[in-house]
Amino acid sequence: NGYYEYANPTYCKLYRYEPEDLIGNHFTLVVPDEYRDELIRLHDEFMGRRYELRGEWEVRKNGGELMNIIADAAYIIDVDGRPKKVTFVLDISERKKAERLLKETVDRLNEEIRQREELEKVKAQVERMIRHDLRNPLNGIIAAAEILMVDDISDEHRDLCMIIRESGRKLNTMLSSSMD
């Protein structure tokens, strides 16, 4: 019926109870209030179906400290012919703490990745805008150099216009390459 009939020394040490504190009391003594109804239901179902049960639970030690456990329950028939539930408990508090820290770290890293991806998108947009904004005046400089070369100008001025035009074309090619 869910009442302790025996608790071995290791179980008592784990929960920080003396055997006499447990024996005769309901197993929900170590169960936080919010899980009691669910665990009573599972216990009753377990005893009715006579199956093996394994689960991870949060329980409360003597003094109120919470602990995470894996509990394996086995259905047995005692020497007096009465059905019993024998539960084997393993403290997994450190493992659960490590899992929480790992999840927090992964969540934080995922958020950082998301933020970096967002920044990369913004950076790419800004770069496209800058390249576009540079291309317009650059095309004006190239066109102006070509117009000047049509006029009757000195060879020295023609050479300067060609340098301006070729430099503009190289810069235009560089902008196109950076866009690719």
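The values are calculated or read from the model by the stated rules, or taken from the named source; none is laboratory data. What you see is a predicted model, and the numbers here were worked out from it, not measured in a lab. Positions of Cβ are backbone-derived with ideal geometry, glycine not excepted, and every protein chain shown enters the neighbour counts. Remember, those area values only see protein heavy atoms, side chains included, never the ligands or the DNA or RNA. Shrake-Rupley method; radii C 1.70, N 1.55, O 1.52, S 1.80 Å.
When region 22-79 is filtered for residues that are in contact with a Gly (Cβ under 6 Å, 6 or more places away or on another chain) and over 16 Å from N8 (Cβ atoms), the ones remaining, listed by number, are H26, H43.
Condition check ((1) in contact with a helix residue (DSSP H, G or I) (Cβ under 8 Å, 6 or more places away or on another chain); (2) charged (D, E, K, R)) across all residues:
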| residue | (1), (2) |
| --- | --- |
| R128 | yes, yes |
| P137 | no, no |
| A143 | no, no |
| H157 | yes, no |
| R165 | yes, yes |
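Taken together, the residues in region 6-55 that are touching a strand residue (DSSP E or B) at 6+ places or on another chain (Cβ under 9 Å), in contact (Cβ under 8 Å) with a residue 40 or more places away in the chain and either exposed (fewer than 13 other Cβ atoms within 10 Å of the Cβ) or under 18 Å from I92 (Cβ atoms) (or both) amount to 3. Just to verify a result, which residue in region 129-145, among those that are open to solvent by less than 90 Å² (accessible area, probe 1.4 Å) and of a type in the set (D, E, K, R), is modelled with the lowest pLDDT? Of everything passing the filter in region 129-145, R131 is modelled with the lowest pLDDT. When region 141-155 is filtered for residues that are part of a loop (DSSP other than H, G, I, E, B) and among the charged types (D, E, K, R), the ones remaining, listed by number, are D151, D152.
For region 87-104, filtered to residues that are of a type outside the set (K, R) and open to solvent by less than 50 Å² (accessible area, probe 1.4 Å), the residue that is farthest from the chain's Cα centre (by Cα) is V89.
Selection of region 146-167 for residues being open to solvent by 50 Å² or more (accessible area, probe 1.4 Å) and closer than 29 Å to S178 by Cα yields E146, I147, D159, L160, M162, I163, I164, E166, S167. Checked against (1) open to solvent by less than 60 Å² (accessible area, probe 1.4 Å); (2) more than 21 Å from D33 (Cα to Cα), R82 passes all but condition (1).
Within region 118-128, none of the residues are basic (K, R), surrounded by 10 or more Cβ atoms within 10 Å (Cβ to Cβ) and in contact with a Ser or Thr (Cβ under 9 Å, 6 or more places away or on another chain). Against the conditions (1) without any contact (Cβ under 8 Å) to a residue 12 or more places away in the chain; (2) over 30 Å from I70 (Cα atoms); (3) not acidic (D, E), K103 satisfies every one except (2).
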